[in-house]
Structure formats: structure tokens, C-alpha cells
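Beneath this line is the structure, given in C-alpha cells, with notes to follow.
The values are calculated or read from the model by the stated rules, or taken from the named source; none is laboratory data. Note that the structure is predicted; figures quoted are calculated from it, not measured. Counting neighbours? That spans all protein chains shown, and the Cβs are built from the backbone with ideal geometry, glycine included.
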């Protein structure tokens, strides 16, 4: 009886964490950005983990409780834009948003991030000789263009 109770308690702890770790379906796409310079915008549903060497990140979390909420470390300053939008900035900042719907705008240099989910992505380089690179759905890395490039992200994105 004690073993059954212990197993039931462990299952009760593991199942919610498992569902949070996989909030979306099989149609999720992936985006990876390496050493980006410029601006990256993600409006979608899924999970983002990232960092930047110098710059800012603005995170909009319109639905309270549908994911972890924004988690930002290493910031030197922050500013609440509204009840659901906050901007953080500084050097060597790390951020993550796991689960739920969100909009993230990262501006700066040394941008590294990974996104798994569905949504719309905008990449815009700063127009330097090397604005970094990005990869979609595990494909080859392409240079970040010096102009605004918008595309939908899902498992079927090219």
C-alpha cells in the first residue's frame, strides 16, 4: 500500500511537469539564432531560451498562467511597459519563456536564442558585415539579412 501511495504521489508531480515541457503539438518548428546583431521578433506559442551580449529584451505575456512567465537574469535595468509587457536590458542578459503565448523582441548584439513552437518570426540585421546567422527546423544556417525578413514558423517552414 505504501509503495502504491508513493508511486501515485510521484506521478502527480511528474505529469504536470511533463505537460509543461511539451506544451504544443507535432507541428512545432524550431528556430536557432547564433551571434545575431540587430532585432529578432517572435510572436508565437511554445518556448524560447536566449541570451545577448548587449541590448534589451521586451517580453509580452498576455495570458497569465499559460506558461512559466518571463524569467530574466543578469539584467542591469528593467521597465514595466504595461501589466503584461516588460523590457529588460544590459550586458550578458539571459531570458526564457516556456509555454504559452508570447511576443518577444530582442535588440542588440551577440544574440543567441532557440525557439520551439509555432508563430511568426522577424529577423532584421543591423547592416554590418556579419549580423550573425539563423537556422529553421534544423536546416543549414543562413546569414541574418540586413533588411526585415518575416516568415511563419511551423514544422513545415522551409
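Worth pointing out:
- Out of 91, 124, sole residue that is out of contact with any helix residue (DSSP H, G or I) (no Cβ under 6 Å at 6 or more places or on another chain), under 15 Å from residue 41 (Cβ atoms) and surrounded by 13 or more Cβ atoms within 10 Å (Cβ to Cβ): 124
- Lone unmet requirement of (1) crowded, with 17+ Cβ neighbours inside 10 Å; (2) at pLDDT 95 or above; (3) not in a loop (DSSP other than H, G, I, E, B) for residue 100: (2)
- The stretch 108-139, residues that are part of a loop (DSSP other than H, G, I, E, B) and either in contact with a strand residue (DSSP E or B) (Cβ under 9 Å, 6 or more places away or on another chain) or touching a residue at least 24 places away in the same chain (Cβ under 8 Å) (or both): 126, 127, 128, 130, 131, 132, 137, 138
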